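I'd like to ask some things about the structure below.
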Amino acid sequence: MSGLTSSSPASIDSAASRGGPGLPQERRVVTEIPGPKSREMFARKQAAVPPGIGTTLPVFITRAGGGVVVDADGNSLIDFGSGIAVTSVGNANPRVVERAGRQLADFTHTCFMVTPYESYVAVCEKLNQATPGDHEKRTFLVNTGAEAVENAVKVARHATGRQAVVVFEHGYHGRTLLTMTLTAKNMPYKHRFGPFAPEVYRAPLAYPFRWPTGRENCAEEAFAQTVDMIEKQVGAENVAAVVIEPIAGEGGFIEPARGFLPRLLEYCRANGIVFIADEVQTGFARTGHLFACEDEGIVPDIITTAKGIAGGLPLAAVTGRAELMDKVHVGGLGGTYGGNPVACEAALAVFETIEQEDLVGRARHIGSIMLPRLRALAERTGIIGDVRGRGAMIAIELVRPGTKEPDPAATAEIAKRCHAEGLLVLTAGTYGNVLRFLPPLVMPDHLLDEGLSILEKAITEV
């Protein structure tokens with residue numbers, strides 16, 4: 001249960017939602033994209049930053065908020081990316097700015113492990129209350145989603161005395177050694193970065209669109225294959241944790257076939273395996289629930305969160321059953337910057353905004369606009385093989401018409417055309433053929449509508 005309730009409407013009207021005063025909520029293209037100033041800055045970037053740090057769209061941002069980002073050349077782009085699901089409450093949410101700014105003036109850091117402060121505890125209390133399940137919980141804070149996942153695995157291994165970890169095809173969990181190992185996709189995340197961490201085993205994800213025997217068989221067959229792999233290759237008694245995204249993010253916004261997650265959770269419970277839900281991308285109202293697990297009533301043993309937690313400031317969390325979390329010895333968890341006080345104040349502002357603005361309802365409203373239009377577009381064009389997602393976490397998978405053959409070239413071309421017209425979109429997917437849409441939950445309807453029109457035009461032209 002979320003513990004967050006609101007009677008506010010799903011529409012977005014308040015100044016808090018518009019990303020601060022003085023930033024018009026409009027698309028405005030005044031130069032080619034990228035413009036001359038952004039191109040000049042990008043040349044500086046290439047001279048100073050290694051090419052391994054990629055760039056989706058080389059426009060340099062000077063202001064952002066609500067549903068737009070404004071670049072150095074004065075172009076105002078509609079934002080369908082939210083910094084990869086980070087700025088759900090907007091890039092300059094006044095509550096976040098006010099609370100974080102006040103904390104900056106008081107102190108920026110002491111290290112919670114040296115001399116603690118109240119805001120860290122308050123964020124942990126919020127997460128213990130808001131995450132699924134009424135059991136007693138504990139939370140600790142770190143900096144990034146990858147760090148959260150890695151620490152969740154540490155807790156599971158310590159608590160169970162086991163070593164093996166089971167993950168799934170198409171999953172993405174981070175770029176550290178362990179989380180890179182947990183991640184399924186080779187390029188660009190794993191290529192030539194081995195050797196990888198030991199005792200990680202990969203099972204098939206219940207991917208309805210691409211399941212060989214059809215959607216109707218997906219959940220049951222994927223579960224059976226997962227159990228078969230565990231029991232033949234690993235032994236359930238050796239598995240510390242199963243780690244899964246309730247909706248696979250970088251893998252292409254894949255919703256596991258309904259019934260798969262409940263069966264998997266039941267199996268974990270029966271075999272003493274810790275069920276870890278990676279909600280780094282799906283959390284904080286993004287999917288029309290506060291957490292995506294809630295859609296099928298999943299109560300994970302441990303849940304990891306980051307991205308949307310703090311309105312753009314670096315913060316992540318591990319929340320789990322008290323009997324698991326309390327097993328780790330003193331000093332076994334932590335980090336210098338984990339739960340930075342400025343980021344904690346920002347997180348408390350995010351919780352407040354989700355409640356006051358009814359952003360859970362707002363995410364559902366966004367989905368109710370996007371999904372019908374995208375499904376109608378799929379019917380008209382034939383290039384869209386699948387439309388999927390929940391709330392404001394929506395994707396389309398692009399294929400060669402009449403087949404399920406991935407079409408990454410068309411995907412890249414559509415994204416390029418959207419960018420040129422002032423619409424920021426992101427690609428994803430194991431096959432590079434998914435366009436994913438993560439608009440800020442505070443985006444006004446007129447920008448959402450205009451962005452969809454640009455997308456429709458680009459797809460129709462391609």
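Out of the residues in the range 23-33 that are under 10 Å from Gly422 (Cα atoms) and surrounded by 17 or more Cβ atoms within 10 Å (Cβ to Cβ), which is farthest from the chain's Cα centre (by Cα)?
In this case the residue turns out to be Ile33.
Using beta carbons and a limit of 6 Å, which pairs, at least six apart or on different chains, have the first residue in the range 272-289 and assigned by TED's automatic domain parsing to the domain that holds Ala156 and the second one among the basic types (Lys, Arg)?
Every condition considered, the pairs that remain are Val280/Lys307; Gln281/Lys307; Thr287/Arg390; Gly288/Arg364; Gly288/Arg390.
Still on this model: Can you find a residue in the range 228-243 that is of a type in the set (S, T, N, Q) and in contact (Cβ under 8 Å) with a residue 24 or more places away in the chain? Break it down stepwise before answering.
Pass one, the range 228-243, residues of a type in the set (S, T, N, Q): 233, 238.
Going one step further and asking which of them are in contact (Cβ under 8 Å) with a residue 24 or more places away in the chain, we end up with 233, 238.
Taking every residue of the range 228-243 in turn, at least one turns out to be of a type in the set (S, T, N, Q) and in contact (Cβ under 8 Å) with a residue 24 or more places away in the chain.
Moving on. When residues of the range 170-189 are filtered for being over 19 Å from Ala148 (Cα atoms) and either touching a Cys at 6+ places or on another chain (Cβ under 6 Å) or surrounded by fewer than 18 Cβ atoms within 10 Å (Cβ to Cβ) (or both), how many remain?
Selection size over the range 170-189: 3.
If you don't mind, there's one more thing I want to ask. May I ask you to list the residues in the range 233-283 that are part of a helix (DSSP H, G or I) and either among the aliphatic types (A, V, I, L, M) or closer than 21 Å to Thr181 by Cβ (or both)?
Let us first name the residues in the range 233-283 that are part of a helix (DSSP H, G or I), namely 233-234, 236-238, 260-270.
Answer for the range 233-283, where residues must be part of a helix (DSSP H, G or I) and either among the aliphatic types (A, V, I, L, M) or closer than 21 Å to Thr181 by Cβ (or both): Gln233, Val234, Ala236, Asn238, Leu261, Leu264, Leu265, Cys268, Ala270.
Only one of these is more than 30 Å from Val399 (Cβ to Cβ) and surrounded by 17 or more Cβ atoms within 10 Å (Cβ to Cβ): Val227, Val234. Name it.
Values: Val227 fails: surrounded by 17 or more Cβ atoms within 10 Å (Cβ to Cβ).
Checking each option against the conditions leaves just Val234.
To continue, here is another question. Scan the range 187-228 residue by residue and report those that are among the aliphatic types (A, V, I, L, M) and part of a loop (DSSP other than H, G, I, E, B).
Selection gives Met187, Ala197, Leu205, Ala206.
Now for a separate question. Step by step: first the residues of the range 195-215, then only those that are among the aromatic types (Phe, Trp, Tyr) and touching a residue at least 24 places away in the same chain (Cβ under 8 Å), then the one that is nearest to Glu255 (Cα to Cα). Which residue is that?
So in the range 195-215, the residues among the aromatic types (Phe, Trp, Tyr) come out as 196, 201, 207, 209, 211.
If we keep only those that are touching a residue at least 24 places away in the same chain (Cβ under 8 Å) as well, we get 201, 207, 209, 211.
Numbers: Tyr201: 21, Tyr207: 7, Phe209: 10, Trp211: 12 Å.
Taking the candidates together, the pick is Tyr207.
Suppose we keep only residues that are over 22 Å from Asn93 (Cα atoms), in contact with a helix residue (DSSP H, G or I) (Cβ under 9 Å, 6 or more places away or on another chain) and among the hydrophobic types (A, V, I, L, M, F, W, C) within the range 325-345. Which one would you say is surrounded by the most Cβ atoms within 10 Å (Cβ to Cβ)?
Taking the candidates together, the pick is Met325.
Shifting gears a bit: So Arg269 ticks every box in (1) among the basic types (Lys, Arg); (2) in contact (Cβ under 8 Å) with a residue 12 or more places away in the chain; (3) out of contact with any Gly (no Cβ under 7 Å at 6 or more places or on another chain) but one. Which box is left unticked?
(2)
List every residue pair whose Cβ atoms lie under 8 Å apart, where the two residues are 6 or more positions apart in sequence or sit on different chains, the first residue falls within the range 48-59 and is among the hydrophobic types (A, V, I, L, M, F, W, C), and the second residue, located anywhere, is surrounded by 10 or more Cβ atoms within 10 Å (Cβ to Cβ) and in a loop (DSSP other than H, G, I, E, B).
Pairs that qualify, where the first residue is among the hydrophobic types (A, V, I, L, M, F, W, C) and the partner is surrounded by 10 or more Cβ atoms within 10 Å (Cβ to Cβ) and in a loop (DSSP other than H, G, I, E, B), are Leu57/Ile33; Leu57/Pro34; Val59/Ile33; Val59/Pro34; Val59/Gly35; Val59/Ala72; Val59/Asp73; Val59/Asn75.
Still on this structure, please answer the following. Name the residue, out of Ala72, Ala85, Ala92, that is within 16 Å of Val342 (Cα to Cα) and not hydroxyl-bearing (Ser, Thr, Tyr).
On the way: Ala72 fails: within 16 Å of Val342 (Cα to Cα); Ala85 fails: within 16 Å of Val342 (Cα to Cα).
Unique residue meeting the criteria: Ala92.
Regarding the range 151-167, can at least one residue be identified that is within 20 Å of Pro314 (Cα to Cα) and in contact (Cβ under 8 Å) with a residue 24 or more places away in the chain?
Pass one, the range 151-167, residues within 20 Å of Pro314 (Cα to Cα): 151-152.
When the remaining residues are screened for being in contact (Cβ under 8 Å) with a residue 24 or more places away in the chain, the result is 151-152.
So far as the range 151-167 goes, yes, one or more of its residues are within 20 Å of Pro314 (Cα to Cα) and in contact (Cβ under 8 Å) with a residue 24 or more places away in the chain.
The values are calculated or read from the model by the stated rules, or taken from the named source; none is laboratory data. Remember, predicted model here, so these are calculated numbers, not experimental data. Every residue, glycine among them, receives a Cβ derived from its backbone with ideal geometry; neighbour counts consider all protein chains shown.
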